[in-house]
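Here is the structure we will look at, set down as structure tokens.
We did not get these values from a lab; they are worked out from the coordinates using the rules stated. As the structure is a prediction and not an experimental result, all values here were calculated from the model.
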Amino acid sequence: MNAARFSVPLNEQGEVQCALASLASLAGILGPVLATGLFGYFISARAPAHVPGAAFFASALLIFTGLWLALRAFKRTVPAATAP
């Protein structure tokens, strides 16, 4: 969150914090529902393979996708010059 805070002007930092809090709330609602569904499917008889850890694999994929997007986005931004 610090990188996002320093990449916007001071008068927009509240908006960034609000957006990040909204995303965290949305993830807190959708995450357990999706993980439970994945777990339930991959331990059932209809699953192509018995993989009880499928929810962990899916979350790792989401984390690495987010990391890749963040690295790509921050690579494009040039840090502002600081005055002595």
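So the values come out like this:
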{"item": "Length added when fully stretched, LEU62-THR36, from 0.36 nm per residue minus Cα-Cα", "result": "7.8 nm"}
{"item": "The stretch 2-76, relative contact order in percent, only Cα pairs under 8 angstrom and at least six apart counted", "result": "16"}
{"item": "Intensity falloff of the stretch 2-76 expressed as log10 I(q)/I(0), Debye formula with alpha-carbon point scatterers, at q = 0.14, 0.23, 0.27 Å⁻¹", "result": "-0.63, -1.07, -1.20"}
